[in-house]
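Written below as structure tokens is the structure these notes are about.
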Amino acid sequence: MSSYYMPWAKLKSHAPFNIATSGVAHWKLRDLPVRLEDLEISGPSFYGFPPLQQALAEHCGVTPDRIVAATGTSMANYLVLSTLLQPGDEVLIEQPTYELILAAARKVGATITRFPRTHESGFAVDPAAVGRAITPRTRLVVIGNLHNPSSALTDEATIRQVGEIARGVNAHVLVDEVYLDAAFEKAPPSAALLGDHFIVTSSLTKVYGLSGLRCGWIVAEPALAQSMWRLNDLMGVIPAHLAELASVIALRELPRIREQVRKRLDTNRAILNRFFDSRAELEVARQPFGTIAFPKLLRGDVDHLVDVLRNRYETTVVPGKYFEMPDHFRIGIGGEPGPLEEALRRLGSALDDIMQS
Ligand SMILES: Cc1ncc(COP(=O)(O)O)c(C=O)c1O
């Protein structure tokens, strides 16, 4: 009933050269124009703190009654799954996926079914595969856009097609958009704008490097949003008001942060692509966006590679077994370019070592 991945992520992924993280490196409090006098310990936060509700609604292009503030995308996803699914209901989840979604679906007692996103297709969502896997018992379809672990982008037409398939059996579609803003102006409109059968979750964690604020949210039609607020009474009840106030300030700063992130990711993607150009033993569906990449190791064992990389080269990547694809591994490019370059140089050395052994 717990996550297989999270203990590894919390306890084992740290290293001097850590390219296991999937988000942009954390900004500091001093990077935001937060003054002590702007903060307060307690405030009028009941079913949402009105200024934060308003700021999130503007960010998402919807009215505040469709926003449910949540402790990160993590709690947002859990609230969606536990509001929509009763024990025994089917939830159709992309494969590979972020492991916490599977763990949360198991915890609510849902029957998990899968549709594949294949390496060969560049991890594209294939509506026909969704159509083959959906059944009259399916209550929810789950996809990530951008996709974790591959960063593949799903376009608006495909999202709409998945929505129609789900509507055919009266199911909702949850689109986890926590990485979507990393596609910048190439991002399709949020699925939240495509109809009431879509539910979207996101946060300021991955693209904006503001994980510690735990500023997450759900966008859903108002009645469903109400149910989620009520369910949250059993868990989060009232958020940390300091974080709500800082989140309102952070949301005003997003355009500036976004430009810095764009420059960082452009630089880092060029570094990553040069690395991929130089490694014949890796095959990767290169994506033009995102903070992560998911290469396949064509020869050798990924767990062995990960051990050599950590023990000999003080560098970490995420083993593909956490995404049910043990011949892949995930690289994150959200850090500073210098350390990324060094981490990739070390990854190259570890690859050389395991190819020779
Ligand atoms: C697809 C996906 N959803 C949600 C999360 C959790 O994000 P948050 O920090 O907003 O809880 C992650 C974190 O890795 C993720 O990859």
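Before moving on, here are some points about what is shown:
- Take the Cα radius of gyration of the range 187-331 and divide it by 2.2 N^0.38 Å, N being the number of residues; the result is 1.35.
- GluC sites (Glu not before Pro) within the range 189-293: DSSP coil, no more than 16 neighbouring Cβ in 10 Å: E281
- Low-density loop cleavage sites - GluC sites (Glu not before Pro) in the range 40-106, where at most 14 other Cβ are within 10 Å (DSSP): E40
- Each part reduced to its alpha carbon centroid, the range 279-299 and the range 37-64 end up 39 Å apart.
- Compactness of the range 90-245, taken as the C-alpha radius of gyration over 2.2 N^0.38 Å, stands at 1.04.
- Antiparallel %, DSSP beta bridges [both residues in the chain], to 5: 45
- Cleavage-rule hits (trypsin sites (Lys or Arg not before Pro)) in the range 12-78: DSSP loop, at most 10 neighbouring Cβ within 10 angstrom: K28, R35
- Value of [θ]222 nm, deg cm²/dmol, for the chain, DSSP H segments ≥ 4, -39500 (n - 2.57) each, nearest 500: -12500 deg cm²/dmol
- The overall shape of the range 131-216 is prolate: from the C-alpha gyration tensor, with semi-axes ordered a ≥ b ≥ c, the ratio a/c is 1.5 or greater and a/b exceeds b/c.
- Built amide H within the under 5 Å cut-off of V173, gap 5+: V141, F198, I199
- The equivalent ellipsoid of the chain has semi-axes of 32, 26, 18 Å, largest first, where each one is the square root of 5 times an eigenvalue of the Cα gyration tensor.
- Lysines whose Cα lies under 22 Å from that of K206, excluding same-chain neighbours fewer than 8 positions away: K10, K12, K28, K186, K263, K321
- Separation of the range 234-261 and the range 194-224, taken as the distance between their Cα centroids, equals 12 angstrom.
- Accessible surface computed residue by residue for the chain, with neighbouring protein chains in place and a 1.4 Å probe, gives 43 Å² per residue.
- Considering only D303, D233, D196, the mean-square fluctuation computed in a Gaussian network model of the chain, springs between alpha carbons under 10 angstrom, is largest for D233.
- Hz values of 3J(HN,Hα) by residue in the range 15-30 - Karplus curve (6.51, -1.76, 1.60), Gly and Pro given as x: 6, x, 10, 9, 10, 8, 6, 9, x, 5, 4, 4, 6, 9, 4, 5
- Percent carbon-and-sulfur accessible area, the chain, ignoring ligands, DNA and RNA, probe 1.4 Å: 54
- Helix runs (DSSP H) in the chain reaching 27 Å along axis by Cα, Kyte-Doolittle at least -0.5: 241-277, 337-356
- Counting DSSP beta bridges with both ends in the range 75-140, the antiparallel % (nearest 5): 0
- Distances between placed amide hydrogens fall under 5 Å for F115 paired with I93, E94, Q95, all partners being 5 or more residues away or on another chain.
The values are calculated or read from the model by the stated rules, or taken from the named source; none is laboratory data. In this text, all values refer to a predicted model and were calculated from it rather than measured experimentally. Glycine also receives a Cβ, built like all others from the backbone with ideal geometry; neighbour counts cover every protein chain displayed. Quick note on the areas: whole protein, heavy atoms, side chains included, nothing else; ligands and nucleic acids left out. Shrake-Rupley method; radii C 1.70, N 1.55, O 1.52, S 1.80 Å.
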